[in-house]
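Reviewing the structure listed below.
The values are calculated or read from the model by the stated rules, or taken from the named source; none is laboratory data. What you see is a predicted model, and the numbers here were worked out from it, not measured in a lab. Every residue, glycine among them, receives a Cβ derived from its backbone with ideal geometry; neighbour counts consider all protein chains shown.
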Amino acid sequence: MAVFALVDCNNFYASCERVFRPDLNGKPIVVLSNNDGCVVARSAEAKAIGIKMGVPIHTIQDAILYHNIQVFSSNYALYGDMSARVSSILTELAPNIEIYSIDESFLDLTGIENCIDLTEFGLQIRQQVLKQTGITVCVGIAPTKTLAKLANYGAKKYPATKGVADLSSQVRQKRLLAITPVDEVWGVGRKLSSKLKALGIHTALDLAQQNPKNMRKQFSVVLERTIRELNGESCLELEDAPQPKQQIICSRSFGKKITQLDEMSEAIAGYTARAAEKLRQENQCCQHLTVFMHTSRFNPNEPNYSNSVSSRLLAPTDDSRTLLQASQFLLKEIWRDDYRYAKAGVILNDFSPKTGQQSDMFVCQEYPRPELMHLIDKLNQTGKRQIFFAREGNGRAWSMKRQHLSPAYTTSWLDLMKVK
């Protein structure tokens, strides 16, 4: 019988901030979205105060002062590196792993129950991750991925589990299913849960007791699969190799509105270079590029303008220089003066494997330099320095607002902690 585990980091963004700031233990923490707009992560203490997910930061200023809430801008470098460290530990502990998101991973524990009690193994996972990273995780164990998700929900919600819930037993499965709202089931969103509740399906157990084929006819094959998984029938395999991306989008809202072409040119160049770096990490080349930009949709007192333009490249490429040249050309096609632009970005798609690319012998084009791109990526990933193209500029007054940014403790030499 298959055995899956879902390991989920508790309040991950807030926990990462706390790892290097032990003085924050016990204090409420919130992490903000791009441009410090809304709350996207909360510590347990912030949740207890009543801070809601997605609330605009300007609406809770009084609560921040009264409760001494610690506020942080999103530190993607720190969170990404801490996620990689957790994944590295899990890879050593389990035969196979699927990294599901930045703070969640599925493990294949099939056969481990013959060597060690699964609950005990889950506790060892928690201990190792906490010891080596300072991050607390919860572990849900079950014969299907959907039940493992549900077990993880129980491990977080009920302190008696000590952070590990094993649903190998059908008795335990039904007990948790009976007290879990249907909208907590993996894959059941807000709209679907409303429809299910209208049919009298209020708990996960109610859903598990439905006829799978009938629910498929009424809703979808996805819901049929969910019902089968809730009943212990494994329908979802572990994806140990992530699927290649179909497109890459690099976009940000600006810290201040852009009104000049040269500033927009810098922004588009920066987004293009970043997208090209991601493309090389995927070992892919692209042959289709889109540039888009628009003004704010939330200011009725300003004129609105939104536009995008695409181009098919002569040959697939992952060379930043080729993509930069194309994106600058496209930008000039859609740029209009006298507008205050709030956001822009680039989209890469039409991917093909990097190996075996065939150039067009009848078209004169710059020969790609993969060794140059590799060197730039390698230097930038060390954290010691930043190599960029002149078109990206170095002033970037338009950059994303991050007034509460913590140091990149683990990825920048300049931000290493200093012990006095």
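Odds and ends about this structure:
- Residue within the stretch 275-295 that is among the small types (Gly, Ala, Ser), within 26 Å of the chain's Cα centre (by Cα), modelled with pLDDT of 90 or more and buried (at least 18 other Cβ atoms within 10 Å of the Cβ) present: yes
- Checking the stretch 18-33 against the condition returns no match, with no residue being in contact with a helix residue (DSSP H, G or I) (Cβ under 9 Å, 6 or more places away or on another chain), closer than 30 Å to residue 229 by Cβ and not basic (Lys, Arg).
- The residues in the stretch 250-267 that are farther than 20 Å from residue 278 by Cα and part of a strand (DSSP E or B) can be counted, and the count is 5.
- Only listed residue being in contact with an Asp or Glu (Cβ under 9 Å, 6 or more places away or on another chain), closer than 30 Å to residue 231 by Cβ and not hydroxyl-bearing (Ser, Thr, Tyr), chosen from 12, 72, 106: 106
- Contacts under 8 angstrom Cβ, first residue in the stretch 380-396 being modelled with pLDDT under 75, partner among the aromatic types (Phe, Trp, Tyr) and not in a loop (DSSP other than H, G, I, E, B), 6 or more apart: 383/413; 384/413
- Test: residue in the stretch 161-168 that is in a helix (DSSP H, G or I), under 27 Å from residue 111 (Cβ atoms), among the hydrophobic types (A, V, I, L, M, F, W, C) and free of Cβ contacts under 8 Å to residues at least 60 places away in the same chain: no
- Among the residues of the stretch 127-156, those identified as over 23 Å from the mean Cα position of the chain (by Cα) and free of Cβ contacts under 8 Å to residues at least 12 places away in the same chain are 127, 131.
- Test: residue in the stretch 19-33 that is buried (at least 21 other Cβ atoms within 10 Å of the Cβ) and either acidic (Asp, Glu) or in a helix (DSSP H, G or I) (or both): no
- Residue in the stretch 146-158 that is closer than 19 Å to residue 83 by Cα and out of contact with any strand residue (DSSP E or B) (no Cβ under 8 Å at 6 or more places or on another chain) present: no
- Restricting attention to the stretch 61-108, the residues being within 30 Å of residue 141 (Cβ to Cβ) and not hydrophobic (A, V, I, L, M, F, W, C) number 18.
- For residue 255, the conditions (1) under 23 Å from the mean Cα position of the chain (by Cα); (2) within 20 Å of residue 374 (Cβ to Cβ) all hold with the exception of (2).
- Beta carbons closer than 6 Å, at least 6 apart along the sequence or on distinct chains, pair a first residue in the stretch 19-40 that is within 26 Å of residue 419 (Cα to Cα) with a second that is buried (at least 17 other Cβ atoms within 10 Å of the Cβ) and basic (Lys, Arg) for 24/18.
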